[in-house]
Amino acid sequence: MIKAIAMLLALISSTLIAAGPRWDHSIKIDDPKLTVKEAAQQCHKSLINAPELLEAWCEKAYEMGYWSALVPISLHTGDGTRLVAKANERLKNKEPKAYTVLAWLYGSGQFVEEDIERAISLNRELLNLAHAGVTPAIRTSAHKELADLYQLQENWPAVIKHASYVKKHSRFKFDIDAAQRQIAKAQKHTQPSTQ
């Protein structure tokens, strides 16, 4: 569950994170002037601040067009049926978020049978997309996921390749430090034995 929550936070766009963690009681779910952004913010804020309102706010955000609201709904209810279906539907349109969500689901075995090869394939396809929505942050995140997945497979040359990308391109010290540790571990496994 900890990994699921960490992944949820990684999937939340930086715009929503910038909205801050405080619950805004002045925003009303039935306000006719409610924007998608406000509904999405309330959806994500409810995870910590008002879990009893999570389903209502996330359903509202989803109805308004924010399909990523299905992630917290699924984690909250334990049912990812709609999330998997919607992500697969969006994948047909080559939407970067669909690749990210499905790769996470298959890599973690959350709501689908764990399939590391499928998770790797989805991340690699995402990196090959010529799509305006594939931002540098999404690209770096995909490389981070690939380094983690290849580490599970003990594919050390691939770990070095993808962790090196993260080390060079991430804006976050935590990710850079983690990538450096992965590279060091992978290098130990790729060096010839001295025995």
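Would you be able to tell me the number of residues in region 137-189 that are surrounded by fewer than 22 Cβ atoms within 10 Å (Cβ to Cβ), of a type in the set (Asp, Glu) and either in contact with a Leu (Cβ under 7 Å, 6 or more places away or on another chain) or under 16 Å from ASN123 (Cα atoms) (or both)?
Count: 1.
Scan PRO51, PRO72 and give me the residue that is farther than 22 Å from VAL134 by Cβ, modelled with pLDDT under 95 and not aromatic (Phe, Trp, Tyr).
Values: PRO72 fails: modelled with pLDDT under 95.
Being farther than 22 Å from VAL134 by Cβ, modelled with pLDDT under 95 and not aromatic (Phe, Trp, Tyr) holds for just one of PRO51, PRO72, which is PRO51.
In this structure, is LYS60 in contact with a Phe, Trp or Tyr (Cβ under 6 Å, 6 or more places away or on another chain), touching a residue at least 12 places away in the same chain (Cβ under 8 Å) and open to solvent by 30 Å² or more (accessible area, probe 1.4 Å)? Let's see the steps before the verdict.
Numbers: in contact with a Phe, Trp or Tyr (Cβ under 6 Å, 6 or more places away or on another chain): no; touching a residue at least 12 places away in the same chain (Cβ under 8 Å): yes; open to solvent by 30 Å² or more (accessible area, probe 1.4 Å): yes.
No.
From the set of residues in region 111-123 that are surrounded by 14 or more Cβ atoms within 10 Å (Cβ to Cβ) and not β-branched (Val, Ile, Thr), which is nearest to ALA85 (Cα to Cα)? Spell out the reasoning first.
Taking region 111-123 first, the residues surrounded by 14 or more Cβ atoms within 10 Å (Cβ to Cβ) are 111-112, 115-116, 118-123.
Next, only the ones that are not β-branched (Val, Ile, Thr) stay: 111, 115, 118-119, 121-123.
Details: PHE111: 11, ASP115: 17, ARG118: 16, ALA119: 16, SER121: 18, LEU122: 16, ASN123: 18 Å.
Of everything passing the filter in region 111-123, PHE111 is nearest to ALA85 (Cα to Cα).
Return yes or no: is ILE27 part of a helix (DSSP H, G or I) and surrounded by fewer than 21 Cβ atoms within 10 Å (Cβ to Cβ)? Break it down stepwise before answering.
On the way: part of a helix (DSSP H, G or I): no; surrounded by fewer than 21 Cβ atoms within 10 Å (Cβ to Cβ): yes.
Here the answer is no, as ILE27 does not meet what is asked.
Output the qualifying pairs, or none if there are none: Cβ atoms under 8 angstrom, residues six or more apart or on different chains, first residue in region 39-51 and assigned to a helix (DSSP H, G or I), second residue of a type in the set (Ser, Thr, Tyr) and open to solvent by 30 Å² or more (accessible area, probe 1.4 Å).
What qualifies is ALA39/TYR66; ALA40/TYR66; CYS43/TYR66.
Being within 16 Å of LYS168 (Cα to Cα) and part of a helix (DSSP H, G or I) is the filter here, so list the residues in region 128-145 that pass it. Before the answer, list the steps.
Step one: filter region 128-145 for residues within 16 Å of LYS168 (Cα to Cα), giving 135-145.
Listed by number, the residues that qualify are PRO136, ALA137, ILE138, ARG139, THR140, SER141, ALA142, HIS143, LYS144, GLU145.
Rundown of residues vs (1) more than 25 Å from LYS94 (Cα to Cα); (2) of a type in the set (Val, Ile, Thr), yes/no style:
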position	(1), (2)
GLN110	no, no
GLU114	no, no
GLU125	no, no
THR135	no, yes
HIS143	no, no
TRP156	yes, no
ALA179	yes, no
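Within region 76-135, can you find the residues that are of a type in the set (Lys, Arg) and touching a helix residue (DSSP H, G or I) at 6+ places or on another chain (Cβ under 6 Å)?
Here is the first cut: in region 76-135, the residues of a type in the set (Lys, Arg) are 82, 86, 90, 92, 94, 97, 118, 124.
If the condition is that a residue be of a type in the set (Lys, Arg) and touching a helix residue (DSSP H, G or I) at 6+ places or on another chain (Cβ under 6 Å), then ARG82, LYS86, ARG90, ARG118 are the ones that fit.
Give all pairs with beta carbons closer than 6 Å in which a residue from region 158-185 that is of a type in the set (Phe, Trp, Tyr) meets a residue that is in a helix (DSSP H, G or I); count only pairs at least 6 apart in sequence or on separate chains.
TYR165/HIS143
The values are calculated or read from the model by the stated rules, or taken from the named source; none is laboratory data. If you're wondering where the values come from, they're calculated on a predicted model, not measured in any experiment. All Cβ positions, glycine included, derive from the backbone under ideal geometry; neighbour counts span all protein chains shown. Heavy atoms of the whole protein, side chains included, go into the accessibility calculation; ligands, DNA and RNA do not. Shrake-Rupley method; radii C 1.70, N 1.55, O 1.52, S 1.80 Å.
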